[in-house]
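Below: the structure, in structure tokens.
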Amino acid sequence: MRRDRVEVAGRNNEPDDDCCGGPGAGATEATIALSGDGSCIAEARHQATAFLTRHESGDRPRVPARVVGLAELVVSELVTNACKYAPGPVLLSLRLAGEALEVEVWDSAPVLPTASNADPQRVGRHGLEIVKAVAADLAVLRDTVGKRVTARILLDPA
């Protein structure tokens, strides 16, 4: 599968029990298939919150409320962009990896997103700017079909 890494300067399935809360509760990754219509945005936020709060027990410390809030914001912005600009389903992947939460959204559109320059007069199209402002890293990977946008949110920014 071909992937080009581009740094940017900027049907709602429940995660299965083995992934996030059942017998494999120590797992730190979930992938959720979303329909791609407008109703999946709220579902994506809900799934992100559920994933993060499932990890409050076990070998990982509690995910700070600040990170949960930032994750909801980042998920909302990235999934909104995918629903708005790409036809078809969307995949949301969440990973607690080391010192960060990785939020990855795949969609079928081949066009890579770009953040616009700040413009207080512009209505809308601020999503990628917001993600860039709250994420430690933001990257776009072109896939053979579509692209993946990945944002890393530090669990402890200190």
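The values are calculated or read from the model by the stated rules, or taken from the named source; none is laboratory data. Quick caveat, the model's predicted, so the values are computed rather than measured. All Cβ positions, glycine included, derive from the backbone under ideal geometry; neighbour counts span all protein chains shown. Each accessible area value is taken on the protein alone, full model and side chains, heavy atoms only, with ligands, DNA and RNA left out. Shrake-Rupley method; radii C 1.70, N 1.55, O 1.52, S 1.80 Å.
Kindly sort 137, 107 by accessible area of their heavy atoms, largest first, with the probe set to 1.4 Å.
I get 137, 107, largest accessible area first.
Quick one: if you stick a label point 7 Å off each Cα along the C-beta vector at residue 156 and residue 121, how many nm between them?
About 4.6 nm separates the two model spin labels.
How would 132, 84, 147 line up by accessible area, probe 1.4 Å, largest first?
84, 132, 147
Quickly work out the residue 46-to-residue 111 label distance, labels modelled 7 Å from Cα along the C-beta direction, and quote it in nm with one decimal.
Taking the simple label geometry, residue 111 and residue 46 are separated by 3.1 nm.
Starting from the Cα-Cα distance between residue 80 and residue 144, subtract it from 0.36 nm times their residue separation and give me the gain in nm to one decimal.
Length gained between residue 80 and residue 144: 20.8 nm.
In whole Hz, with x marking every Gly and Pro, tabulate ³J(HN,Hα) for the range 133-146 from phi via Karplus 6.51 cos²θ - 1.76 cosθ + 1.60, θ = phi - 60°.
Couplings: 6, 9, 9, 6, 9, 9, 9, 10, 10, 7, 9, 4, 10, x Hz.
Compare 123, 111, 75, 68 by solvent-accessible area with a 1.4 Å probe and give them largest first, with all protein chains kept in place.
123, 111, 68, 75
Rounded to the nearest 10 Å², what accessible area does residue 43 show when all protein chains are kept and the probe is 1.4 Å?
Around 40 Å² of this residue is reachable by solvent.
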